[in-house]
1. Any chance you could tell me what percent of the C-alpha pair distances in region 1-70 go past 13 Å?
2. Just subtract the alpha-carbon distance of residue 28 and residue 14 from 0.36 nm times their residue separation and send over the number in nm, one decimal.
């Protein structure tokens, strides 16, 4: 994880002159940007060590960012004005400033449709054990 976060010290993310403009992915700091993107709300990582080197693999519920996609919006958290962005997943937690999926208030009716899958995408990979 430290390697991904250290990308920020090696190459800065371009920030628009307008402080209210969203931060866009421009092809740099790919791992970092995918790690901090505003719309990924499921993330899982595994890490192992071999020959003194670490191998880390992470999955999110979003495909890797493409050029000119939004990394995050400006403000004091994911929902700076108390409301999540329309493309986000739900409501704003006022204590954390993060968007979250609200719990259902009613029992859903039984259905015969196939359940929605929890899609996982390869988002970033740190190959520390390869020679």
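Bear in mind these aren't lab numbers, they're just calculated from the coordinates by the rules spelled out. The structure displayed is predicted, hence computed values, not measured ones.
1. On the way: 1652 of 2415 pairs.
Percentage above 13 Å: 68.
2. Details: separation 14, 0.36 × 14 = 5.04 nm, distance 0.89 nm.
Roughly 4.2 nm would be gained on extension.
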